[in-house]
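As structure tokens, the structure follows; a few thoughts come after it.
All of the numbers you see were taken from the coordinates with simple rules; none came from a lab. A quick note: this is a predicted structure, and the numbers were derived from the prediction, not measured. Cβ coordinates were reconstructed from backbone atoms using ideal geometry, including for glycine residues, and neighbour counts include every protein chain displayed.
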Amino acid sequence: MTRVSFPADFLWGTATAAHQVEGNNVNNDNWLMEHMPDTIFTEPSGDACDHYHRYPGDIALLAELGFNLYRFSIEWARVEPEDGEFSLAELDHYRRMLATCHEHHITPMVTFHHFTSPRWVAAQGGWEAETTPAKFARYCERTTRHLGDLIGAACTINEANIGPLLTNSGFMPPPEVMQQAPWWSAAAKALGIAPHEFVPFIMATSTRARDTIMEAHRRAVQAIKSVRDFPVGITLALQDVQATTGGEAQANRVRYDLNDSFLEAVRGDDFVGVQTYSRHRIGPNGSLPPEEGVEVTEMGYEFWPEALEATIREAAAVARIPIIVTENGLGSRDDTRREEYIRRAVRGVANCLKDGIDVRGYTYWSALDNFEWMMGYRPTFGLIAVDRSTQQRAVKPSARLLGDIARANAIDF
Ligand code: BGC
């Protein structure tokens, strides 16, 4: 057996996102979509994991397990419930969360936007509206003024490229199709806009949306930095795009559109958040499903932990800035598969470090079993299980495995 140690200040964390765990985020566009008749969301988020009230116990548990980083998001719709109207009570809530991390010697990494937007932003045209970047930057600035002294590092926007990725890999119909659905029209109507004006973040795929998102990121970085100087970056959903024979040209195109064009755009940032779950194989006729007989996850894509190493290498080569793995994980009922996934993914991180790549941390998605967007509560990514009828937490063996790696700051292969 060989023991591989990590750099002394390496960050070992887990992540959550407000809408997926807090519960009752009733003022954002996702809650609205969840509640439309015949929506594509399989169930509403409801109380989620009630992390909004239970964060003290959850953070204490993460510390006890051995983690030194916790990545969570601030819900814009709570902090700024109406255009220009900020809630001190909600800002104070997040201040208490940050203070709790510090009490437990955990570095808090904050995400300012993780998929959900206030309804008033959606009503103004969401992620295609010219006004959104400035409004987002204003929210980031106000929030940093209130919380900045306690923030360890920040991600402006989670997965700037998620819309194009979901449509390209066939997870979601293109917007033209989606806009025809009665539930979509009903959501737009509730916001007082036309169906084509409704542009929620995870469904924002146009060039205009992409420009709006990247502009929002740039303005947010400036706004945050005008107040405080902690590390700030953006996160990207990166698949390991692989070509099968004859698919090289297409694969190169997809890799550039979904990964590298975004990585080029973040050069100069303090870090880039790499978020990787699987590989994406492309043949001469486009995306290929997992081959017959291979192991697939609860999400329907292939069990492929080696994708992390490949995308860290790609991100480092293209963006040429430090890397933090801000998400990586497995949706599975079988926790032994999660253990295997973690071991192989962490091994990939160790390989990158050995080659001199500047990787600063590894964050597992997710701390808790939680609301997996359109798929509801069925997929289970958590290191900690949640019984939603009692809100009882149960630590899975994979949590102990990764927690022990974190505590030792080393892994034995
Ligand atoms: C997102 C998470 C999501 C996870 C697992 C990422 O795309 O940031 O919100 O739960 O993947 O599918």
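Data for the structure
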quantity	calculated
Cβ charges +1 (Lys, Arg) and -1 (Asp, Glu), total dipole of segment 3-412, debye	680 debye
Rounded Å value of the spacing that divides the Cα centres of segment 320-340 and segment 216-262	18 Å
Virtual spin-label span in nm between Val4 and Gln392, 7 Å along Cα→Cβ	3.8 nm
Whole-Å distance, taken between Cα centres, linking segment 380-401 and segment 1-39	14 Å
Structure-based [θ]222 nm, the chain - -39500 (n - 2.57) summed over DSSP H runs of at least 4, per residue, nearest 500	-12000 deg cm²/dmol
Cleavage-rule hits (trypsin sites (Lys or Arg not before Pro)) in segment 291-354: DSSP loop, at most 15 neighbouring Cβ within 10 angstrom	Arg320, Arg333
Local electrostatic count at Leu147 - Lys and Arg +1, Asp and Glu -1, tallied over other residues with Cβ under 12 Å	+1
Helical segments meeting 15 Å axial Cα length and Kyte-Doolittle -0.5 threshold in the chain (DSSP H)	51-65, 307-319, 397-408
Burial order of peptide ranges 11-20, 235-244 (average beta-carbon count within 10 Å, highest first)	11-20, 235-244
Estimated FRET transfer efficiency (Ala134, Arg267; beta-carbon r; R0 30 Å; 0.05)	0.80
Other-chain or far-sequence residues with amide H under 5 Å of Leu11's (modelled H)	Gly361, Tyr362
